[in-house]
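First comes the structure, then the notes that go with it.
Values quoted throughout were computed directly from the atomic coordinates according to the rules given, and no laboratory measurement underlies them. These numbers come from a predicted model, not from an experiment. Glycine also receives a Cβ, built like all others from the backbone with ideal geometry; neighbour counts cover every protein chain displayed.
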Amino acid sequence: MKKIVEMMTVFSSVKIMQKSMTSSLDITYINEPIKYKFDKSKSYFLYMHIPFCDEFCTFCTFHKFKYKQSTCKEYFKALRLELLKAKEEGFNFHTLYIGGGTPLIDEVELIKTIELAKKLFDIKKVSCESTPSHIDPKVLKNFDGLIDRLSIGVQTFDDKTLKEISRYDKYGSSQVLQERISNIIGVVPVISLDLIFNFSTQSSQMLKKDLEIVKKLNPEQITTYPLMSSRFVNCSTLDHLKILKNSNEFHFYNIIREELKDYSLNNAWSFSKDKTNLCDEYTVNNSEYIGLGSGAFSHINNQLFINAYDLTQHANLISENSNAIIAVSAEFEFKKHIQYQFLLHLFGGSVHIERFNELFSVSLQRILKVELFMLKILNAIYVKDGKIYPTRFGEFLTVVMMREFYSGMDNLRAMLRKSIVE
Ligand SMILES: C[S@@+](CC[C@H](N)C(=O)[O-])C[C@H]1O[C@@H](n2cnc3c(N)ncnc32)[C@H](O)[C@@H]1O
Ligand code: SF4
């Protein structure tokens, strides 16, 4: 009975998130340049996207192009111009997250770009993603004082799965990955290793082995993403329920929590040896951010702004205007905004009711009365000392909802990418 209730709750949560994503992400393409309306006294979070990869992995839907040295150099040039334009507009930033693609694909250009960002803005912390093939200690030493946290995409240490997701030949076997990683522990202040769980051929044993290896490597942080895919979109209710019935996702999540019980929780899927706020989900701690680069999203004043996907269009727009925006979303409805913020806070570990109410000028208990009632009945949350906490099942539910949120964003990316190909 408990399993059925949990399954139905997961099913409903996925449906709610999908519906919300479809209606919220009502995108309009713009013909005239627009400017962000933003608060100059605020410090926004800065995201920069480097959309190049040597090879593509089967599971990844991030915005990327096959690497070509000359195109990549031109792109970095446009990105630096974009930084200058953001400065001219009056932005300031304290935290920079560089994602991809493969940010370290051209280290010389990346160094120049981080140095410029640090010169222009009050950036104190820089976090950067990397593939396992760009983590040579000699190269990373050149980033001393420039990168504070490096998150490395491992995904799994299982050789068979690495072959299935097209990473074995490119990034090396489990053994090679382990050697490369152990060589750089301590070279960058914080190393974070990304794992993916719930691959279709993964067993509990395989997941435990991945976690055992990752713990032995002893990085400062570990992020365990549930496999994200758009398989539930356009899937019939019956098929969806069948998938959920056979799904190991909650079981796997419990294994992760058990194996990583000595780590602090950054959020429901990210773990730290020490509690730190530099984690992978820049949207969690920084709900308003500016995205620079091709295909990057910005979130300001309850709206999403989307940059050009096409590299030539990105470069042209940024040389002529103050930004490279090609599309905007409708303003999110207030209640949806509050639901989303509530989810982000819960995913982050707890919701301090009084602070939440102050921050968003709402009464949480009034505006989300039904949602809170249902979550309590379903044993997903409890209230203690003025805070709402997720139970273990509630934590898993936030993982499921965040997975669907990111899958929704992926669908949007796929739609936008199609628009540049057609
Ligand atoms: C955008 S990737 C960049 C990392 C780097 N390019 C690499 O592959 O090593 C950042 C992380 O997102 C996660 N990711 C990408 N696609 C995913 C998917 N479909 N499901 C779950 N996690 C995914 C992976 O763990 C990956 O390391
Ligand atoms: S997972 Fe990383 S390397 Fe693979 S395609 Fe995505 S961004 Fe590129």
Amide H contacts of Gly100 (H built 1.01 Å from N, under 5 Å, at least 5 apart or other chain): Ile50
Antiparallel content of DSSP bridges confined to region 28-285, in %, to 5: 15 percent
Dipole magnitude of the chain about its Cα centre (Cβ charges: Lys, Arg +1; Asp, Glu -1), debye to nearest 20: 680 debye
Surrounding net charge for Lys216, when Lys and Arg each add one and Asp and Glu each subtract one, Cβ distance under 14 Å: -1
Within straight-line cross-link reach of Lys35, lysines at Cα separation under 20 Å, skipping those fewer than 8 residues along the same chain: Lys85, Lys87
Calculated SAXS-style log₁₀ I(q)/I(0) at q = 0.18 Å⁻¹ - region 31-169, Debye, Cα scatterers: -1.08
Long-range amide H partners of Ala327 with built H, under 5 Å: Ile30, Ile306
Table column - 3J(HN,Hα) (Hz), region 367-380, Karplus curve with 6.51, -1.76, 1.60, x for Gly and Pro: 5, 10, 3, 5, 4, 5, 4, 5, 5, 5, 4, 7, 6, 9
Estimated translational D of the chain in µm²/s (Stokes, Kirkwood radius over Cα pairs; 4 °C; 1.567 mPa s): 58 µm²/s
Lys387-Leu116 pseudo-label distance in nm [points 7 Å out on the Cα-to-Cβ vector]: 4.2 nm
